[in-house]
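Structure first, commentary second.
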Amino acid sequence: MLNFIKINNCELEYSTKTIKSTGIRTKLPSNYKIEDMWAVDTYTIKEGIMVKKVIKKHIDMDKRKLIIANKSSFKGVFIDDGKLSLTGSDKFYIMGDNLDIIYKLLSFKICDIISHFTKYRQDFLEKEVFRYIPDIRKFIINNDITEQDFYNLIGLTNEELIQINHHSTNENIELQTLQTQQTQQTQQPQQTQQPQQTQQKQQPQQLQTQQPQQLQTQQPQQLQHLNFNKMTIPQLRGECKNRNLKNYSKLNKQPLLEFLLKNI
């Protein structure tokens with residue numbers, strides 16, 4: 001992706017300008033106008049776009065812009081027709097023509113993956129995420145582009161396409177596997193308590209030795225993989241250091257994650 005952006009000089013430009021706000025954060029009304037002086041503060045899955053009142057207008061308030069209101073992902077991205085300001089921290093917005101194209105681009109799986117693996121501060125979006133997202137408005141003039149069209153445009157290999165398509169699926173499988181194993185663990189002790197007292201007296205040591213082994217075998221590599229996915233780069237490097245691994249200090253998150261999993 002970086003090579004494509006460099007060769008075609010199509011780095012996505014963004015702004016982070018915000019202004020101070022006052023009052024209590026509230027849900028953006030369904031009907032509003034520029035004179036209402038609303039400023040976007042954040043986006044939540046439960047409430048949607050959350051806003052606050054401002055005293056003065058944002059420098060780009062009256063301009064059409066794509067606002068990334070969610071502080072941790074591209075969910076909740078929307079296009080403002082020039083009625084809203086922006087307030088608070090970790091706020092990004094994009095301007096220019098054909099914003100519908102960028103809006104659609106940010107919904108592609110690869111952008112979700114990029115946003116995940118460029119996080120260094122807890123779960124906040126970082127400026128670095130935009131280094132890996134091209135401004136395809138230089139090549140596309142309408143939003144008819146499909147996700148597959150975009151992957152063809154940037155020249156992804158079949159192996160890379162498989163990794164992208166299975167990224168979210170693998171995470172769901174890991175979660176389901178862990179939940180199933182946890183359910184089995186809670187059911188097994190109950191099964192060992194059901195035999196008659198005579199059987200319990202004859203095999204007390206066997207029951208005691210079996211249970212720890214079952215718990216040990218039910219700590220699969222998926223659990224480590226899931227935990228590593230949630231770690232920041234410094235935390236991953238700490239794991240590498242604890243395992244006396246070498247040649248990892250210059251790796252970014254995804255290569256670092258793969259290196260760590262490979263050497264477990």
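Here the condition is being touching a Gly at 6+ places or on another chain (Cβ under 9 Å), in contact (Cβ under 8 Å) with a residue 24 or more places away in the chain and within 15 Å of residue 133 (Cα to Cα); of 49, 102, it holds for 102 alone. Considering (1) open to solvent by less than 40 Å² (accessible area, probe 1.4 Å); (2) aromatic (Phe, Trp, Tyr); (3) closer than 27 Å to residue 4 by Cβ; (4) modelled with pLDDT of 95 or more, the lone condition that residue 130 does not fulfil carries the number (4). The C-beta contact set for the stretch 1-27 (first residue closer than 14 Å to residue 95 by Cα, second residue surrounded by 11 or more Cβ atoms within 10 Å (Cβ to Cβ) and of a type in the set (Ser, Thr, Tyr), distance under 7 angstrom, 6+ apart or interchain) comprises 14/93; 15/93. When the strands (runs of 3 or more DSSP E) confined to the stretch 1-119 are screened for residues that are surrounded by 18 or more Cβ atoms within 10 Å (Cβ to Cβ) and out of contact with any His (no Cβ under 8 Å at 6 or more places or on another chain), those reaching at least 3 such residues are found at 38-44, 48-53, 65-68, 92-95. In the stretch 15-33 there is at least one residue matching the filter, namely being under 30 Å from residue 164 (Cβ atoms) and of a type outside the set (Phe, Trp, Tyr).
Which residues, taken from the stretch 113-122, are within 22 Å of residue 15 (Cβ to Cβ) and under 11 Å from the mean Cα position of the chain (by Cα)? Those that are within 22 Å of residue 15 (Cβ to Cβ) and under 11 Å from the mean Cα position of the chain (by Cα): 114, 115, 118, 119. When residues in the stretch 2-34 are screened for being in contact with a Lys or Arg (Cβ under 9 Å, 6 or more places away or on another chain) and farther than 14 Å from residue 78 by Cβ, 22 of them pass. When 71, 63, 119 are checked against the criterion of being of a type outside the set (S, T, N, Q) and out of contact with any strand residue (DSSP E or B) (no Cβ under 9 Å at 6 or more places or on another chain), a single residue qualifies: 119. Of note, residue 135 does not satisfy the criterion of being at pLDDT 90 or above and exposed (fewer than 14 other Cβ atoms within 10 Å of the Cβ). For residue 123, the test of being surrounded by fewer than 13 Cβ atoms within 10 Å (Cβ to Cβ), more than 25 Å from residue 253 (Cα to Cα) and not basic (Lys, Arg) is failed.
The values are calculated or read from the model by the stated rules, or taken from the named source; none is laboratory data. As the structure is a prediction and not an experimental result, all values here were calculated from the model. Virtual Cβ from ideal backbone geometry, glycine too; neighbours counted across all protein chains shown. These area figures cover heavy atoms from the full protein model, side chains too; ligands, DNA and RNA do not enter into them. Shrake-Rupley method; radii C 1.70, N 1.55, O 1.52, S 1.80 Å.
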